[in-house]
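The values are calculated or read from the model by the stated rules, or taken from the named source; none is laboratory data. All values derive from a computational prediction rather than experimental measurement. Heads up, the Cβs are rebuilt from the backbone with ideal geometry, glycines too, and the neighbour counts pull from every protein chain shown.
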Amino acid sequence: MAERSFAREVEDLKLGEGEIFRGEGILAITKALLQSGVSYVGGYQGSPISHLMDVLADAKDVMQDLGVHFETSASEAAAAAMLSASVMYPVRGAVTWKSTAGTNVAADALSNLSSGGVNGGALIILGEDFGEGSSIMQERSHAFAMKSQMWLLDPRPNLPSIVKAVEDGFELSEASSTPVMLEVRIRACHVHGQFVAKDNKRPAYTLKQALENPVRDVNRIVLPPANFMHEKDKLERRWPAAVNFIKERKLNEFFGPEEGEIGIIMLGGMYNGVMRALQQLGLADVYGNSSIPLYIMNVAYPMIDDEVVGFCLGKKAVIMVEEGAPEYIEQSLHTLMSRRDIQTRVHGKDILPLGGEYTAPVMMKGLKAFIEMYDRLLLGNQPPVPDPTSVLNDPKVKALAEVVPARPAGFCTGCPERPIFAAMKLVEKELGEHHVSADIGCHLFSILPPFNIGGTTMGYGLGPASASAFNVEAGKRSIAVMGDGGFWHNGLATSVGNAVFNKQDGVILVVDNYYSAATGGQDIMSSRALNPNRQTNNSIVNAVKGIGATWVRQIDRTYDVAKMRDTLKEALTSKEKGPKIIVASSECMLNKQRRVKPQFAKAVKDGKRMVKERFGVDEDVCTGDHACIRLSGCPSLSVKHTDDPLKDDPVAAIDNSCVGCGNCGEVSEAAVLCPSFYRADVILNPTGWDRFVSRMRSKVIGWLQARRAAGRIVFAD
Amino acid sequence: MNETVNLKTLLAADKPLTLAILAMGGQGGGVLADWIVGLAEEQGWMAQSTSVPGVAQRTGATIYYIEMLPARGGVPPIFSLMPTPGDVDVVLAAELMEAGRSVLRGLVTPDKTVLIASTHRSFAVGEKEKPGNGIGDPTVVVGATDFAAKRTIAFDMDTLALKNGSVISASMFGALAAADVLPFPKEAFETTIRGGGKGVEPSLKAFNAAYDRAKSKTREEIAASPPKRFDVMPETTGHLELDRLVHRLRAEFPEAAWPLLFAGVKKLTDFQDPVYAGEYLDLVGKLYGLDRANGGEEKGYSFTVQSAKYVAVAMAYDDVIRVADLKTRGTRFERVRHEVGVKQDQILYMTEYMHPRMEEVCGTLPKKLGLWIESRPKVFAWLDRRINKGRRVQTGTLFWFLTLYIMAALRRTRRGTLRHLRETEHREAWLNTATSLLSRNYDLAVEVINNRRLVKGYSDTHARGLSKFDRVMLSLATLADRDDGAAWMRRLRQAALLDESGIALDGALKTVATL
């Protein structure tokens, strides 16, 4: 049950020959998989490829019609291992994940897969999470292609090219017995465009056929002596086969004039940016015409030496445009030029930046510098280049830097993880600061203000493992935080098992919000929803007890800040050795609201008695210290200017987006803050009894209020 | 070479229309982007949008980017996936500071960019969490956007959308239609909204309201902070005691102090009674006398003016009685009904989150009894164990209402309570410090009065405020005879309001110590 329904997108998957698909890049890839006769699809959700998983999860009928098996893999490693179905059988398979984070996890299986090679086409779709909007370390997936000798496609970022890359990728994989990776950057995954669809294809050979006719070949297994044969096969057969296929099918492209003093070589993914930069320099137009020869590597690996040499010969210099460090392709170019004794100068990251995103201004500056070095006349009467420098240098604009606040992502309104960290702050006040190992997931927002909790993050499900060195006698214990997503991905064995086995004397806090929330609210093992296609409702507490944990506490309502605080305190001070595991469970509010809101609205419409809760602040009581905000950070708990001339600072205020989670009240109660908060319970469709009681109460209360008001000597308002 | 020149002349000069949307995750920037793309496609153009939602979907600042241009002879244009600073035709900012951010990113330039911005504020955590006022100055943003944009349409599109039962994407789409930057008629915009299928009528309503608003008045005036409410002093109130207070105020004080004095008098009659407000005037009157004697006239009697404000704040301290009083008033019940938006056929109950401690109970007791308990830690602890816990007070039920109502009635005995004694002592010490400085360093004396701002909040927060107040006051030994003493005191106070634990204040105090 993902965060949003993809029912409409599922319709797009059904488009047939000649119809126009309009939509997001990642959904175009999904459609392309079905057009390619894929037999099975797996993967692990994460930005920017979550939608591929989500739409397939919602497309059960389409998949059934086509006989395609779809699986939400437990991790990227599981997904990569799934591709082993294509080792012996002529079935096409595709898996997807966020890279390089996921590729790291999958690397073991990928190495084995690429060593033995494949029979059916194996495609790995990598959401290259690089540059603006990325949430992971900035690395290149390219390294995995080189070390395992898998091929890497990096198509031009438009829908027809991306779709073609999927189709070509399967064929390339089959032609060279090698798994193929297809990298798509964040913006390309989310790019809206269009392409002409084809009919979906049923797999030519089915998994059922494979299961019923097992084939075995010991030479495909990574054990001596086969492993040495694999190496030889990779270099002597598969590589040349791939090169031939890529050349024959013209997967790489040449644009612009045939001749020129200089040339630009780029990865396909860089094409649109380079073209915009050239357009701004007056050397290209928006329809793809260029005055400089361009060589587009839609295949990032392997490099097609003959094509490169053909492009470079007769040119004074070329520049390689590849994003991220290190400059793998540029290095290969140097090797190639040197081996063949070609005098064309090779540039790249000597002119362009070593790291960081290649934005339009970065490319324009770099390309301009390159052209000025070799062919200055080309620039000629160039149009004025867009340049905001004078605006940015104006004092009025510079003053903005002081005023415009940073706005990082944070916990949503009513998030059940907020009270957990509020409780940790309260414990911190009593017992001092602790070493906190964080993990991957929404809970990592704790490292930001207002909580400022969490020292390191080492990977998905590795939080507690990353605290394992601190298993020594000391006056304080370490705290490790891990989400339910990380727990099932890797954490149960690698973190909890490790802690149990080594008697790790620390606190492990498992944040259970019923979903893989950060990636879009997909179901996982311990999700509470009933999912007809998956087995959910597997208890985290049972799992940790099952592998030997003894000190285990379950908290069923994280909003109970006092209980959360006391349980944490108990865990930090308990005499018991070994891991102290707290499972803190409450449903992700974003998903809960999506689930509950329509139900609530329907019940109200049907005339059922319903109670709607939200919080408020009594402005008169609030003194504007904002201590409540420092323990919350909830988007709906904000401040407002007051017109009271005796008050200097803004007072707290709760806006209409409040979902009534209760955190404000619980925190102010547990932290002894102030009595400004109130919860307003509105009874919709009250019963006769409700009305009667309310009338009686109002009568008495109203009479008392009027009595006091009458006795008060005050100025009229 | 000639060949190249020829090639260059063959290049088309067409440029795509470019639009950037700066929004916060969850604001519906994606819906707006989809509408714009849909609109262009329906009009036969090619259009591309990109975004980098990532984790920014969770309330962080994010950007959507759109390019559009018709295909030429069947050749689709090549669109960029990210904006080039200095080359954006339209920037849509879904919040005021996001408009500022768009300028900082170089997306808004005077030669090209039409800026469409909603002027409402959604405060960032960094602004909200400051113990003082951390809100960014909106006039700086207005100054910068006015300078940077070719043309600006700016008003509160969020409130306008809400008023029309919709969300900000609809009103921004309306403002975009009104801006006449896209070569499409208004009807085409409306057709796009209709095609969306969900919430069409409210969306159209908000769209049209924003369209009309943008056509009639493109700009909204924005002040640094909204004005304070100074009530007009009534000639007569219909009550003798109140009339006497107003009369005294006019007769005994300089006009500059009237607005704050009246605010103070009003607050204290409400807090206690007219006699208490009279005591306030006595007290400020004495300070005014000293002010005059020390050349206050030249300084516009700022000592008196600031005393009028902060003595009132100090006298209207936040105690249990005050909270119980405010929570049980009929006007408060009405206000909550209004804020929550309770309809006629619905029933409202309020639950207050209170956590009384023995300290508060002692404070409310007669001073001798309070002191007696306080001096016996065992008794105090025994009682605290019974008192000190969170209580959910349902003010709409008879039991809890009566409990609070009776507590509020303790107002009559307030002047005999331990808390009142403590507050009076603290106030006197503070005012003595201030008045003793008047002849030596007038400006510094005013700043000492202003330091009362640091004391606020309840329980721990209150204690922290008091400790900051004390620490700031310690620097008086160094500052008393310095000409720039007042400026330093002001800086110390600002530092004290920057963070909770007083790290900035520690730094500032160290600097002062080196003077």
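Here are some notes:
- Of all residues in the stretch B:120-138 being in contact with a Ser or Thr (Cβ under 7 Å, 6 or more places away or on another chain) and in a loop (DSSP other than H, G, I, E, B), the one that is nearest to the other protein chains (Cβ to nearest Cβ): B:123
- Residue match in the stretch A:627-640 (condition: within 8 Å of chain B (Cβ to nearest Cβ), in contact (Cβ under 8 Å) with a residue 24 or more places away in the chain, touching an Asp or Glu at 6+ places or on another chain (Cβ under 6 Å) and surrounded by 21 or more Cβ atoms within 10 Å (Cβ to Cβ)): yes
- The residue of the stretch B:294-320 that is surrounded by the most Cβ atoms within 10 Å (Cβ to Cβ), among those that are touching a Ser or Thr at 6+ places or on another chain (Cβ under 8 Å) and assigned to a helix (DSSP H, G or I), is B:296.
- Lone qualifier among B:179, B:161, B:148 - being surrounded by 24 or more Cβ atoms within 10 Å (Cβ to Cβ), more than 8 Å from chain A (Cβ to nearest Cβ) and touching a helix residue (DSSP H, G or I) at 6+ places or on another chain (Cβ under 8 Å): B:161
- Among the criteria (1) part of a loop (DSSP other than H, G, I, E, B); (2) more than 26 Å from residue A:192 (Cα to Cα); (3) at the interface with chain A (Cβ under 8 Å from one of its Cβ atoms), the one residue B:141 does not fulfil is (1).
Results for (1) more than 14 Å from every other protein chain (Cβ to nearest Cβ); (2) within 33 Å of the chain's Cα centre (by Cα), shown as yes or no for each residue.
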residue: B:389; (1), (2): no, yes
residue: B:392; (1), (2): no, yes
residue: B:396; (1), (2): no, yes
residue: B:402; (1), (2): no, no
residue: B:412; (1), (2): no, no
residue: B:419; (1), (2): yes, yes
residue: B:423; (1), (2): yes, yes
residue: B:427; (1), (2): yes, yes
residue: B:430; (1), (2): yes, yes
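- Subset tally (residues that are within 14 Å of another protein chain (Cβ to nearest Cβ) and either surrounded by fewer than 19 Cβ atoms within 10 Å (Cβ to Cβ) or among the acidic types (Asp, Glu) (or both)) for the stretch A:538-570: 3
- Of the strands (runs of 3 or more DSSP E) lying entirely inside the stretch B:45-115, those carrying at least 3 residues that are more than 7 Å from every other protein chain (Cβ to nearest Cβ) are B:61-69, B:90-93.
- Of all residues in the stretch B:390-419, those being closer than 25 Å to residue A:666 by Cβ and surrounded by 14 or more Cβ atoms within 10 Å (Cβ to Cβ) number 12.
- Failed condition for residue B:220, given (1) modelled with pLDDT of 95 or more; (2) under 32 Å from the mean Cα position of the chain (by Cα): (1)
- Filtering A:449, A:386, A:408 for residues that are touching a Gly at 6+ places or on another chain (Cβ under 8 Å) and under 30 Å from residue A:292 (Cβ atoms) leaves a single hit, A:386.
- The set of residues in the stretch A:324-365 being crowded, with 19+ Cβ neighbours inside 10 Å, within 14 Å of chain B (Cβ to nearest Cβ) and part of a helix (DSSP H, G or I) consists of A:360, A:361, A:363, A:364.
- The residue that is surrounded by the fewest Cβ atoms within 10 Å (Cβ to Cβ), among those in the stretch B:202-232 that are more than 9 Å from chain A (Cβ to nearest Cβ) and closer than 28 Å to residue B:306 by Cα, is B:232.
- When residue B:270 is tested against (1) over 27 Å from the mean Cα position of the chain (by Cα); (2) charged (D, E, K, R); (3) modelled with pLDDT of 95 or more, only condition (1) is not met.
- Of the residues making up the stretch A:369-397, not one is more than 9 Å from chain B (Cβ to nearest Cβ) and closer than 30 Å to residue A:450 by Cβ.
- Residues of the stretch A:530-581 that turn out to be aromatic (Phe, Trp, Tyr) and part of a loop (DSSP other than H, G, I, E, B), as a count: 1
- Qualifying residue in the stretch A:239-253 (condition: more than 30 Å from residue B:70 (Cα to Cα), in the same structural domain as residue A:379 (by TED's automatic domain parsing) and among the small types (Gly, Ala, Ser)): no
- The sole residue among B:330, B:341 that is modelled with pLDDT under 95 and facing another protein chain (nearest Cβ under 10 Å) is B:341.
A quick yes/no check of all residues on (1) part of a helix (DSSP H, G or I); (2) within 16 Å of residue A:617 (Cβ to Cβ); (3) more than 7 Å from chain B (Cβ to nearest Cβ):
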| site | (1), (2), (3) |
| --- | --- |
| A:660 | no, yes, yes |
| A:665 | yes, yes, no |
| A:674 | no, yes, no |
| A:686 | no, no, no |
| A:689 | yes, no, yes |
| A:695 | yes, no, yes |
| A:701 | yes, no, no |
| A:704 | yes, no, no |
| A:715 | no, no, no |
